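Q: To start, I am sharing the structure in question, which I have written as C-alpha cells.
The values are calculated or read from the model by the stated rules, or taken from the named source; none is laboratory data. These numbers come from a predicted model, not from an experiment. When we count neighbours, we look across all protein chains shown, and the Cβ atoms used for this are built from the backbone with ideal geometry, even at glycine. The accessibility values were calculated without ligands, DNA or RNA, using every heavy atom of the protein model including side chains. Shrake-Rupley method; radii C 1.70, N 1.55, O 1.52, S 1.80 Å.
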Amino acid sequence: MLYIGSHISASKGYEAMGRQALKLGANTFAFFTRNPRGGKAKDIDETDVAKFLAIADGHDFGKLVAHAPYTLNACAAKEDIRDFAKRTMKDDLLRMEYIPGNYYNFHPGSHVGQGSEEGIALTASLLNEVLSPDQATTVLLETMAGKGTEIGRNFEELRAILDQVRLDGKMGVCLDTCHVWDAGYDIVNDLDGVLDTFDHIIGLGRLKAIHMNDSMNPLSAHKDRHEKIGEGHIGLETMKQVINHPALKGLPIILETPNDEAGYAKEIALLKSLYEG
Ligand code: FE
Ligand code: FE
Ligand code: ZN
C-alpha cells in the first residue's frame, strides 16, 4: 500500500485536514502542530477530532506525520529557548494523544557553536524530560541537511541521540530525501548503499516516515532548499525507486515541495502512477 500525502494547513481543524487530504488524493498528511514559528496551539475540539478519525478510518489512512514548529531548538545555548522547546513539545505530545498512534517529527536542533556532541546531549536530555511511557505517539528525529550548526546531519548523530534517550522505544527517524542528499548521501546513484548505511548505523526498523522533496542543489550542498518532484538535482527516477524500495514499503511519504494545492494533487497522482504495488 502506498501512503502518500503532503503538508496540509491545520488552521481549520482536523476534519478539514482529512477532507483536504481526500481532495488531494492523499491517504496520509503532515501538519504543523501549531504555527510553524511557534506560538500558542489551538484548543482541541473533540467533536472535530472524532469526525477526522472517522474519515481516516473510512479511507484507510496511513500514519500521520505531524511536524513540530521548525523554530523549536532543543539544543539551543540559551536555557530559555530550550525551555520553550520543552514546554512546546510536552504540550504537542499531550495533544497528539487525541489522535493516538501517529508520528510527531522534529528537527533535532542547531548547536549554535556549542559543538555537535553538546547539541546531541542537550536534545537527548530534553527528550528524556518530555517522553512518557504511556504515550501512543512515536517521536521522529528528522535527518537534516547540515546547514549552519544543525545536528542530525549524518546518521551517526541521530544514532548518538537515540543512544542517550531512555524511552527509545518511543523514538524513530524520518528520512528527508532533500536533506540526506544535501548532507552527502548519494541516493541518486546508490540508494541501496545509503539504506544499507542507515541500517548499519541506525537500523531500518527505526525508519518510520519519508519526507519526499527534490533538491535545488547538488549532492553535499548543505543548503536545504526543496524543489518540486522531478525538477531538482535528485530527479524523478530516484523518487520512483524510493516509493518502490522493498525496505521502504508502507512508510508514509510526505511531500514538502514548493507547491500550491493543485501542484500537490499533481505530484501525488504522479507518484501513485509510478507505484508498482
Ligand atoms: Fe522538517
Ligand atoms: Fe523535511
Ligand atoms: Zn528541509
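Q: Pick from region 250-263 the residues that are touching a residue at least 40 places away in the same chain (Cβ under 8 Å) and more than 16 Å from ligand 3 (Cβ to nearest atom): which of them is farthest from S215 (Cα to Cα)?
A: It comes out as G250.
Q: Quick check on I210: is it touching a strand residue (DSSP E or B) at 6+ places or on another chain (Cβ under 8 Å), touching a residue at least 24 places away in the same chain (Cβ under 8 Å), open to solvent by less than 10 Å² (accessible area, probe 1.4 Å) and away from ligand 2 (no atom under 16 Å from the Cβ)?
A: Criteria not met by I210.
Q: Go through (1) among the hydrophobic types (A, V, I, L, M, F, W, C); (2) surrounded by fewer than 23 Cβ atoms within 10 Å (Cβ to Cβ); (3) not in a loop (DSSP other than H, G, I, E, B) for M1 and report which single condition fails.
A: (3)
Q: Another question, then. Going through region 93-110 one residue at a time, which ones are out of contact with any His (no Cβ under 8 Å at 6 or more places or on another chain), free of Cβ contacts under 8 Å to residues at least 60 places away in the same chain and not small (G, A, S)?
A: L93, L94, E97, Y98, P100, N102, H107, P108
Q: Here's another thing I want to ask about it. Does I81 fit the bill of being in a loop (DSSP other than H, G, I, E, B) and either free of Cβ contacts under 8 Å to residues at least 40 places away in the same chain or within 19 Å of M17 (Cβ to Cβ) (or both)?
A: It is false that I81 is in a loop (DSSP other than H, G, I, E, B) and either free of Cβ contacts under 8 Å to residues at least 40 places away in the same chain or within 19 Å of M17 (Cβ to Cβ) (or both).
Q: Every residue in region 124-181 that is within 22 Å of E256 (Cα to Cα), open to solvent by less than 10 Å² (accessible area, probe 1.4 Å) and assigned to a helix (DSSP H, G or I), please.
A: Hits for region 124-181 are F155, L158, T177, C178, H179, V180.
Q: Looking at H200, H226, which one is open to solvent by 30 Å² or more (accessible area, probe 1.4 Å), within 15 Å of ligand 1 (Cβ to nearest atom), modelled with pLDDT of 95 or more and over 18 Å from G62 (Cβ atoms)?
A: After applying the criteria, what remains is H226.
Q: Can I ask one more? Looking at region 233-243, is at least one residue within 16 Å of ligand 1 (Cβ to nearest atom), surrounded by 18 or more Cβ atoms within 10 Å (Cβ to Cβ) and not charged (D, E, K, R)?
A: no
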